[in-house]
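The values are calculated or read from the model by the stated rules, or taken from the named source; none is laboratory data. Keep in mind that what you see is a predicted model, and the values were worked out from it rather than measured. Cβ: placed from backbone, ideal geometry, glycine included. Neighbour counts: every protein chain shown.
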Amino acid sequence: MATKTQDPLDQRSLGWLRYLHRKATTPDNWDRDGLPHPHWDNITGPPMTSFHRFDLIDSAYAMALMSDRTPAWTEVYSKVLDELVSRHTSWWAAEDWMTQFGTDPDRGNYPDQYRALIPQDLWGNYDVPGWTANGVEPYGIQMDPVAADGMLFFKGFFGLLLGLHRYVSNDSKWNEPFEMIRDGEHTFSWTHSGVMSHLAEQWHGRHMGCHCENTKIWPY
């Protein structure tokens, strides 16, 4: 009797790979004068994760797992991850940081489902997690989301994405200087190692951790 062998990737995984490859290689423009393709989700998980970059990051994990199962397809996985990294350098990846200045003008109108996210005594006078609050005191406006005192979740997930690309592709291309945001004077140069070194310095300088949204540190 023949021994049944297990496919390295089952049909569901192959379908997911096909979808992610199509999604990542469909041309769109994440710079400020462009718009992400509608297949990038910016609806799910408000108020904290309803931005395009979270779909971008969540699309990356399967590539690393699949590459361990089918290393002969490394070129395909590397292409997907490279496209994800490229989009994460753009203005729309940091849309919240580039548009949410000061305190949230809508915080007096939050829906009741946000109550669990806000101290009871400060309801109506406190920004919900997800409002990045670029420019609040004592930090002032900091247009570079990597260099900023806040935006831990932006630069942390970006570092993970860069690491997954390097792990799968063994290509150090993103450790050469690249431009981020690319919005006129708001254009910033970074490298993979530079992003991670800066983040490590921020953690070292703040025993309680560095902020996601300004003034908010996530204990987990």
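Tabulated data
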| item | result |
| --- | --- |
| Considering residues of segment 118-154 that are out of contact with any helix residue (DSSP H, G or I) (no Cβ under 8 Å at 6 or more places or on another chain) and surrounded by fewer than 14 Cβ atoms within 10 Å (Cβ to Cβ) only, the residue nearest to Arg32 (Cα to Cα) | Ile141 |
| Gly209, sole failed condition from (1) modelled with pLDDT of 95 or more; (2) in contact with a helix residue (DSSP H, G or I) (Cβ under 9 Å, 6 or more places away or on another chain); (3) more than 30 Å from Pro71 (Cβ to Cβ) | (1) |
| When residues of segment 172-220 are limited to those that are among the β-branched types (Val, Ile, Thr) and closer than 25 Å to Asp104 by Cβ, the one surrounded by the most Cβ atoms within 10 Å (Cβ to Cβ) | Ile181 |
| Hey, Arg69 basic (Lys, Arg) and at pLDDT 95 or above or not | no |
| Residues (of a type in the set (Asp, Glu) and surrounded by fewer than 15 Cβ atoms within 10 Å (Cβ to Cβ)) located in segment 83-112 | Asp106, Asp112 |
| Failed condition for Asp171, given (1) assigned to a loop (DSSP other than H, G, I, E, B); (2) within 17 Å of the chain's Cα centre (by Cα); (3) not β-branched (Val, Ile, Thr) | (2) |
| Close pairs (6 angstrom Cβ cut-off, 6 or more residues apart or separate chains): under 16 Å from Ser169 (Cβ atoms) in segment 53-68, among the hydroxyl-bearing types (Ser, Thr, Tyr) and buried (at least 21 other Cβ atoms within 10 Å of the Cβ) anywhere | Met63/Tyr77; Ser67/Tyr77 |
| Counted residues, segment 101-140 - those being in contact with a Gly (Cβ under 6 Å, 6 or more places away or on another chain) and among the basic types (Lys, Arg) | 0 |
| Thr26 being at pLDDT 95 or above, closer than 25 Å to Thr191 by Cβ and β-branched (Val, Ile, Thr) | no |
| Pair list, Cβ under 6 Å, 6 or more apart: segment 168-193 residue in contact (Cβ under 8 Å) with a residue 24 or more places away in the chain, other residue among the acidic types (Asp, Glu) and surrounded by 12 or more Cβ atoms within 10 Å (Cβ to Cβ) | Arg182/Asp31; Phe188/Asp144 |
| Qualifying residue in segment 134-141 (condition: within 17 Å of Thr99 (Cα to Cα), out of contact with any Cys (no Cβ under 9 Å at 6 or more places or on another chain) and not in a loop (DSSP other than H, G, I, E, B)) | yes |
| Given (1) basic (Lys, Arg); (2) surrounded by 15 or more Cβ atoms within 10 Å (Cβ to Cβ); (3) more than 30 Å from Met66 (Cα to Cα), number of the condition Arg115 does not satisfy | (2) |
| When residues of segment 149-179 are limited to those that are touching a Phe, Trp or Tyr at 6+ places or on another chain (Cβ under 8 Å) and among the acidic types (Asp, Glu), the one farthest from Glu201 (Cα to Cα) | Glu179 |
